[in-house]
Structures are given as structure tokens and as C-alpha cells.
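Here is the structure we will look at, set down as C-alpha cells.
The values are calculated or read from the model by the stated rules, or taken from the named source; none is laboratory data. Not measured: the values here are computed from a predicted model. Reconstructed Cβ throughout: ideal geometry from the backbone, glycine too, with neighbour counts over all protein chains shown.
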Amino acid sequence: MTKQELRIRYLDLRKKIAPGQLQILSEKICQNIFVNFNLENKIVSLFLPIERKNEINTYLIWEKAISFGAKIAIPKVNQENSEMKHILFESEDQLEVSKLGIPEPKKGKIIAADRFDFVFVPLLCADKSGNRVGYGKGFYDKFLKKCSPSCIFIGINMFDLEEQIDDTIPTDVKIHAYLNADEIIWF
């Protein structure tokens, strides 16, 4: 299937997830992250959920990671140049909801892309080769290219992998691992 076909399919699947089920999946994903990754004293990029799109509750990950001394930075999007900067996330008081429905920091310390140890990448789906489908704006592809070669890109989602995404292009950045409520897959 193409990226656009997959976007439509997975946005529709997300709509069908009941709030209670989404919370259960979010909790299992959070547990799976901390079983598989040591975030202690690491610098981590974490997206916050667009609630109207039934995204995983990543606040759970933030709360647990900071208890281990991790520094969590969250993206702030610049619509004009399709770039993101990451700002240290210290308190929900920092947040405002953007026009896209994304909780973003309105202030804080900027963390450079090359400082991250881990990036949790939002996605609608991914395939068995580590290709991913996001919302189609390319924000994460641009950001991931600036990260250190040692940084690990982890796609987190509530669904299983697709066999193949048909229309990947050379500028698409693959993830290193895919994690859902039940498993982790390394590419």
C-alpha cells in the first residue's frame, strides 16, 4: 500500500479505539519501553499526543523517564520552514496546544538534535524494513538527519507492522526499532 492509503487506514483504525483501550495500550507501551531501554540519565526526544487523533499517551513515558533522571525534550514545529526544535520538558505549565492540536512548549531550554541518545518517533504505521508513515509533512525526516549516528530512533505504535510501504523515497529516514504493547522489533 502507498503512504496515503496507509494514512487513511490507520487514522480510521485509531478512531475506533475506545478511550479505555487507548489507556491500556499506552500503559503497556510505556512498560515495554522501560523493559527494553535504559533511559537513566539519557537525553530523550519524546512527542506528546495529539488527543483528537487518538495518539498514545506519552505523558506516562515522560513521568517515568524523569524519575530515572532522563532529560526529556519535546518538539516545537515551525510551520514556515517545516523544521522542529526540541525544548527541555520540565513542566506541563510550559505547554500550549498548537494549531495542529499538538501540545508544544512555549518556552524553555533548546536541546540540539545531535545531543539525543533516543528519539521516540510518532508514526501511523511502519513496515518490516523500518520505513515509517507519519502525517506526511517531513518534520521528523529533517530532524532525524541532524541527530548523532549513535542516536536510536524508536517508532512506537499500537498496531503490528505492515509487510511493505510501496512508495518510500531516499529522503525517508528509517527507524532502528519498532515497539508496540507486545513486542520490540529491531531493524
Failed condition for GLU162, given (1) loosely packed, with under 15 Cβ neighbours inside 10 Å; (2) touching a strand residue (DSSP E or B) at 6+ places or on another chain (Cβ under 9 Å); (3) under 30 Å from ILE24 (Cβ atoms): (1)
Members of the range 178-187 that are part of a loop (DSSP other than H, G, I, E, B) and either aromatic (Phe, Trp, Tyr) or under 15 Å from PRO122 (Cβ atoms) (or both): ASN180, PHE187
Flag for GLY138 being at pLDDT below 95 and either surrounded by fewer than 19 Cβ atoms within 10 Å (Cβ to Cβ) or over 27 Å from GLN23 (Cα atoms) (or both): yes
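One line per residue, one yes/no per condition, for (1) surrounded by fewer than 18 Cβ atoms within 10 Å (Cβ to Cβ); (2) touching a His at 6+ places or on another chain (Cβ under 9 Å); (3) small (Gly, Ala, Ser); (4) touching a residue at least 40 places away in the same chain (Cβ under 8 Å):
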{"site": "TYR10", "(1), (2), (3), (4)": "no, no, no, yes"}
{"site": "LEU13", "(1), (2), (3), (4)": "yes, no, no, yes"}
{"site": "LYS16", "(1), (2), (3), (4)": "yes, no, no, no"}
{"site": "GLN23", "(1), (2), (3), (4)": "yes, no, no, no"}
{"site": "LYS28", "(1), (2), (3), (4)": "yes, no, no, yes"}
{"site": "ILE33", "(1), (2), (3), (4)": "no, no, no, yes"}
Total residues in the range 35-71, condition surrounded by 14 or more Cβ atoms within 10 Å (Cβ to Cβ), basic (Lys, Arg) and assigned to a helix (DSSP H, G or I): 2
Any chance ASP93 is of a type in the set (Asp, Glu) and touching a residue at least 60 places away in the same chain (Cβ under 8 Å): no
Enumeration of residues in the range 167-182 that are over 18 Å from GLU55 (Cα atoms) and either surrounded by 13 or more Cβ atoms within 10 Å (Cβ to Cβ) or free of Cβ contacts under 8 Å to residues at least 24 places away in the same chain (or both): ASP167, THR168, ILE169, PRO170, ASP172, VAL173, LYS174, ILE175, HIS176, ALA177
